[in-house]
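A short worksheet on the structure shown next.
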Amino acid sequence: MSNLTTLAQMSQAAPSVKSVLLPIATDMQSLDDVIRTSLHSEVSLINQISDYIIGAGGKRLRPALLMLTARALEASDAQMRKATELAAIVEFIHTATLLHDDVVDESSMRRGRLTANAQYGNSAAVLVGDFLYSRSFQMMVKIGLMEVMNVLSDATNTIAEGEVLQLLNCKDPDVTEARYMQVIDFKTAKLFEASCKLAGIVTGQSADHIANLGLFGAELGGAFQLVDDVLDYAGDSGAMGKNVGDDLREGKPTLPLIHAMQHGPASIRESIRRAISEGGTQEVAPILEAIANTGSLQYTQAKAEQLAASAKQRLAQLPDSPYKTALAGLCEVAVKRSS
């Protein structure tokens, strides 16, 4: 059975993100209102690029996760208003990282359309990313909770470290699985973790409960990233809005590639090392075949499923509700999606 067939079968059983988030559909509309209001600037180019970014869509998983967790924790109306403000902050931080990421990676496409740097230039993309970071900190100061500032400032700093670690790993064929998983922990899982912790903070949970919520978020975020790595080699280009094998072309040693290099024959190991070191597309076909033959996608998928299963178990502390069910649904989405 091919990897593509396996993924297609998985996606048939997977709930969609949209269906999972139905319990907070009204909250997501409120989030859109906060985002649009908070992004306003006296500088027209900032407004123009901000509108372009908002129009790009995206799942808004991190802010949705924050609000869904707050609802699962039985947040009051006043607490939900704070949660919505925090969700907008989380989305701004995430979007800023994407703007900077695309410049560093020299990316021209995201979600099937031109990136902001391709549309408006690198300088504008970087500076609007800086604007989003600074606006985020303006908003968190207004919320007035030191614990919120601690979580978000720590998350922002860790994400920046993850960006640098990924840069160091790029075109380095000696990256180990441990080094790569550290990048996932820092660059991706940290903001998922922060989102869940913030929901616990605004609803007045105990320190232990907040820590458990953070672990749930981190494991869920790790599962999402590992499946992204699988889909880079076995997904549908149209559905993903990017080309299959882009990570290889950019010299990024993600887990499927690292596993294939460790378990493939000597000849393919050299091909993979050369591809990582040089980037480009010269040897994509045989490397894709080696990834398939070494079971590297299955290995990566299994690690994602282990993280998602562990995350799901952490929901036991929450009272039963449609929101808890939706959080469990996100664990399913993470590992069964096809885009």
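Every number in this text was worked out from the coordinates using simple rules, so none of it is lab data. Because the structure is predicted, anything quoted here is derived from the model rather than measured. Counting neighbours? That spans all protein chains shown, and the Cβs are built from the backbone with ideal geometry, glycine included.
Overview of values
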{"quantity": "The range 166-324: projected area of the alpha-carbon convex hull, averaged over directions, in nm²", "calculated": "10.5"}
{"quantity": "Under-5 Å amide H pairs with residue 110, H placed in peptide plane, nonlocal only", "calculated": "115"}
{"quantity": "Whichever lysines have a C-alpha closer than 27 Å to that of residue 303, once near sequence neighbours (fewer than 8 apart) are set aside", "calculated": "18, 59, 171, 187, 190, 197, 242, 252, 312, 324, 336"}
{"quantity": "Extension gain (nm, one decimal) between residue 211 and residue 74, 0.36 nm per residue minus Cα-Cα", "calculated": "47.5 nm"}
{"quantity": "Mean separation of Cα contacts under 8 Å, 6 or more apart, over the residue count of the chain: relative contact order %", "calculated": "23"}
{"quantity": "With Cα atoms, 0 to 90° folded angle of helix 122-143 axis to the chain main axis", "calculated": "40"}
{"quantity": "Solution diffusion estimate, µm²/s, Stokes-Einstein, the range 249-339, Kirkwood Rh from C-alpha pairs, 20 °C, viscosity 1.002 mPa s", "calculated": "142"}
{"quantity": "Counted charge near residue 35, where neighbours are those whose Cβ lies closer than 12 Å (Asp, Glu -1; Lys, Arg +1)", "calculated": "-2"}
{"quantity": "In degrees, nearest ten, helix 77-104 long axis to first principal axis of the chain (Cα)", "calculated": "30"}
{"quantity": "Dipole magnitude of the chain, debye to nearest 20 (Cβ charges: Lys/Arg +1, Asp/Glu -1, about Cα centre)", "calculated": "540"}
{"quantity": "Protection proxy ranking of 189-200, 262-273, 115-126 - average other beta-carbon atoms within 10 Å, highest first", "calculated": "189-200, 115-126, 262-273"}
{"quantity": "Diffusion constant of the range 153-212 at 4 °C, which comes from Stokes-Einstein with the Kirkwood Cα-pair radius and 1.567 mPa s, µm²/s", "calculated": "102"}
{"quantity": "Computed E for residue 164/residue 250 - FRET, C-beta separation, R0 22 angstrom, nearest 0.05", "calculated": "0.85"}
{"quantity": "Cα-projected label distance for residue 182 with residue 109, points at 7 Å along beta-carbon direction, nm", "calculated": "3.3"}
{"quantity": "The range 100-167: GluC sites (Glu not before Pro) falling in loop per DSSP and having at most 15 other Cβ within 10 Å", "calculated": "106"}
{"quantity": "Loop sites in the range 307-337: trypsin sites (Lys or Arg not before Pro), DSSP, at most 13 other Cβ within 10 Å", "calculated": "none"}
{"quantity": "Positive minus negative residues near residue 16 (Lys, Arg vs Asp, Glu; Cβ under 13 Å)", "calculated": "+3"}
{"quantity": "On Cα atoms only, tilt of 284-293 relative to the major axis of the chain in degrees", "calculated": "80"}
{"quantity": "Relative contact order for the range 83-158, counting Cα pairs under 8 Å that sit 6 or more residues apart, in percent", "calculated": "34"}
{"quantity": "Rough spin-label spacing in nm, given labels placed 7 Å along Cα→Cβ, for residue 147 and residue 316", "calculated": "2.4"}
{"quantity": "Percent of alpha-carbon pairs separated by more than 31 Å within the chain", "calculated": "32"}
{"quantity": "Debye intensity ratio I(q)/I(0), log10, the range 31-144, q values 0.17, 0.18 Å⁻¹ (C-alpha model)", "calculated": "-0.81, -0.89"}
